[in-house]
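First the structure, in the form of structure tokens, and then the observations on it.
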Amino acid sequence: MAEDWRSSPLRRMQVAAIAGLGYPLINVLGHTLRFRVEGLHHYDAIVASGHQPVMAFWHGRILPATFYFRRRGIVVITSENFDGEWIARIIERFGYGTARGSTTRGGHRAMVQLVRAMRAGKPAGFTLDGPRGPARVAQPGAVWLAHATGNPILPFHLEAASAWTLRSWDRTQIPKPFTNVALVVGEPIPVGADATEAELESARVALEQRLGDLERRAQEIVRSVRL
């Protein structure tokens, strides 16, 4: 069962307070960032083809990704516990949809919700190494969703020129106000509906490697703007 935080008036107040403060803080910070974008035409090409992207990135870049891709109707998985609730409330104000569950609790139900959302014409978003890691190791969820829906995976990475890095398992990066943020979007990765288990694993490995390449490219961009 999910954490029973709803039975506690104090916990409910905490959820409301965190969400109430979190949205305006992220929104104000986001509007100060200077995004340098490369490869966004891949997103547009997927939509123009009549498909929707399964957007895939590392957990440690949630904050700038949430701001940049706001108001696109992207559906993401959020857990049903205390943290998942305030996160869901914040991202919903940024125009995201939520499928409730996690890899440990309610995961199958959440994936079914994502399949339905994509069939209804919505893009999906995945933090590939979330919610608990290991960092920079792609879990199979995005590949499975692409396989189930016929939509391609769209990998991307964001890197800030100046940021605070948390001492968390994913080394979460919080861009500092007015800094440059590189967003690099890679070529889509198709996953066939008739793909074998070996081919699905090959796609997962390719996705992990592609994200490593995108991270290095984003780091090159932010190094160049510091000069």
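Look at segment 179-227 and say how many of its residues are hydroxyl-bearing (Ser, Thr, Tyr) and modelled with pLDDT under 95.
Within segment 179-227, residues that are hydroxyl-bearing (Ser, Thr, Tyr) and modelled with pLDDT under 95 number 1.
For a quick check of your reading of the model, give me the residue pairs whose first member lies in segment 196-214 and is within 16 Å of VAL185 (Cβ to Cβ), whose second is in a helix (DSSP H, G or I) and of a type in the set (A, V, I, L, M, F, W, C), with beta-carbon atoms closer than 7 Å and at least 6 apart or on different chains.
That search, which allows pairs on different chains as well, returns LEU207/ALA142; LEU207/VAL143.
Quick one: in segment 1-49, which of the residues that are in a helix (DSSP H, G or I) and of a type in the set (D, E, K, R) is modelled with the highest pLDDT?
Looking at residues that are in a helix (DSSP H, G or I) and of a type in the set (D, E, K, R), I get ASP44.
Quickly run through segment 139-157 and pick out the residues that are among the small types (Gly, Ala, Ser), more than 20 Å from THR172 (Cβ to Cβ) and buried (at least 24 other Cβ atoms within 10 Å of the Cβ).
If the condition is that a residue be among the small types (Gly, Ala, Ser), more than 20 Å from THR172 (Cβ to Cβ) and buried (at least 24 other Cβ atoms within 10 Å of the Cβ), then ALA146 is the only one that fits.
Residues being under 21 Å from GLY121 (Cβ atoms) and part of a loop (DSSP other than H, G, I, E, B): count how many of those fall in segment 76-98.
Of the residues in that region, 3 qualify.
Can you name the residue in segment 159-183 that is hydroxyl-bearing (Ser, Thr, Tyr) and surrounded by 15 or more Cβ atoms within 10 Å (Cβ to Cβ) and is also farthest from ARG226 (Cα to Cα) among such residues?
THR172
Filter segment 170-227 for residues that are within 30 Å of ARG34 (Cα to Cα), touching an Asp or Glu at 6+ places or on another chain (Cβ under 9 Å) and part of a loop (DSSP other than H, G, I, E, B) and give the result.
Residues satisfying the conditions are ASP170, GLY186.
The values are calculated or read from the model by the stated rules, or taken from the named source; none is laboratory data. Because the structure is a prediction, the values reported are computed rather than measured. Heads up, the Cβs are rebuilt from the backbone with ideal geometry, glycines too, and the neighbour counts pull from every protein chain shown.
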